[in-house]
1. Among the residues of the range 43-63 satisfying the criterion of being part of a helix (DSSP H, G or I) and in contact with a strand residue (DSSP E or B) (Cβ under 8 Å, 6 or more places away or on another chain), which is farthest from LEU82 (Cα to Cα)?
2. Looking at CYS84, CYS112, can you tell me which residue is outside any helix (DSSP H, G or I) and surrounded by fewer than 21 Cβ atoms within 10 Å (Cβ to Cβ)?
3. Kindly indicate which of THR18, THR32 is modelled with pLDDT under 95 and within 15 Å of ARG121 (Cβ to Cβ).
4. For the range 154-163, state whether one or more residues are of a type in the set (Val, Ile, Thr), surrounded by 17 or more Cβ atoms within 10 Å (Cβ to Cβ), in the same structural domain as GLY108 (by TED's automatic domain parsing) and within 19 Å of GLY108 (Cβ to Cβ).
5. Please determine whether any residue of the range 150-171 is under 18 Å from ILE96 (Cβ atoms), touching a residue at least 60 places away in the same chain (Cβ under 8 Å), among the hydrophobic types (A, V, I, L, M, F, W, C) and out of contact with any Cys (no Cβ under 8 Å at 6 or more places or on another chain).
6. Give the number of residues within the range 105-158 that are touching a Lys or Arg at 6+ places or on another chain (Cβ under 9 Å), within 22 Å of LEU171 (Cα to Cα) and among the polar types (S, T, N, Q).
7. For the range 37-49, give me each residue that is surrounded by 17 or more Cβ atoms within 10 Å (Cβ to Cβ) and touching a Ser or Thr at 6+ places or on another chain (Cβ under 6 Å).
8. Going by the structure shown, is LYS123 within 15 Å of the chain's Cα centre (by Cα), at pLDDT below 95, basic (Lys, Arg) and surrounded by fewer than 20 Cβ atoms within 10 Å (Cβ to Cβ)?
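The values are calculated or read from the model by the stated rules, or taken from the named source; none is laboratory data. These numbers were taken from a predicted model, which means no experiment stands behind them. No Cβ is skipped: glycine too gets one built from the backbone with ideal geometry, and neighbour counts run over all protein chains shown.
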Amino acid sequence: MLLILPDQMINTLITSQTRIKLLKKFFLNSSTKAHLRGLETEFGESSNSIRIELNRFEEAGLLHSLRDGNKKVFQANRNHPLFCDIHNIIMKETGIDQVIEKVIHRIGDLICVYLVGDFARGKDSQVIELILVGDNIDREYLARKVVQAEELVGRKVSYVVFDPAEAAKHLAEIEPANLFPLWNCDESAVLINHSGSSGE
């Protein structure tokens, strides 16, 4: 029996690399907005191949668009019945869900976890960047759990820890589009961001 690892899953299901990049761009952080020229620069691909995939996604109802001057700006359609399924696949493929599951337990009074950096902007990366907010965090134990998570998902995990007072000031300085809430202790579950935007 062939074992498909999480980081190979999406490439097995979808062969178009442009399509995979667009899924990560829009369905990891649903607040992400982007237009064709910005995607062409980011992906380093021809605008024609990206346009074809954008049109397919929009026709399928996975993306919706709006006009910003002469630019057509795209964003994930969170009301599409497959939105949560696609989001969960992207979370698994990137390993983010496994990292969260690995680090949130028994490290202290953890309040919430945010994703920042490239992944928060919908860009693939070899580094998962996190902000952890809480009190009495056992940093030595957390460091060991992070090493285990890195070995599990095959990506580097970078993180900072703030107490609630520090976090309030620091988070206020981050653009909403660059900050994706993943987990909080009230819901004890991975979260989906509902607010913010990103300009490309």
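1. Of all residues in the range 43-63, those part of a helix (DSSP H, G or I) come to 43, 47-59.
This time we only want the ones that are in contact with a strand residue (DSSP E or B) (Cβ under 8 Å, 6 or more places away or on another chain), so: 54, 57-58.
On the way: LEU54: 16, PHE57: 12, GLU58: 13 Å.
Among them, the one singled out is LEU54.
2. Values: CYS84 fails: outside any helix (DSSP H, G or I).
Exactly one residue qualifies, and that residue is CYS112.
3. Values: THR18 fails: within 15 Å of ARG121 (Cβ to Cβ).
Within the list THR18, THR32, the selection yields THR32.
4. Of all residues in the range 154-163, those of a type in the set (Val, Ile, Thr) come to 157, 160-161.
Right, trim to surrounded by 17 or more Cβ atoms within 10 Å (Cβ to Cβ) and you get 157, 161.
Then keep just the ones that are in the same structural domain as GLY108 (by TED's automatic domain parsing); that gives 157, 161.
Subsequent filtering for residues that are within 19 Å of GLY108 (Cβ to Cβ) retains 157, 161.
Checked against the condition, which is being of a type in the set (Val, Ile, Thr), surrounded by 17 or more Cβ atoms within 10 Å (Cβ to Cβ), in the same structural domain as GLY108 (by TED's automatic domain parsing) and within 19 Å of GLY108 (Cβ to Cβ), the range 154-163 yields at least one hit.
5. Yes.
6. Matching residues across the range 105-158 total 1.
7. GLU40
8. On the way: within 15 Å of the chain's Cα centre (by Cα): yes; at pLDDT below 95: yes; basic (Lys, Arg): yes; surrounded by fewer than 20 Cβ atoms within 10 Å (Cβ to Cβ): yes.
It is true that LYS123 is within 15 Å of the chain's Cα centre (by Cα), at pLDDT below 95, basic (Lys, Arg) and surrounded by fewer than 20 Cβ atoms within 10 Å (Cβ to Cβ).
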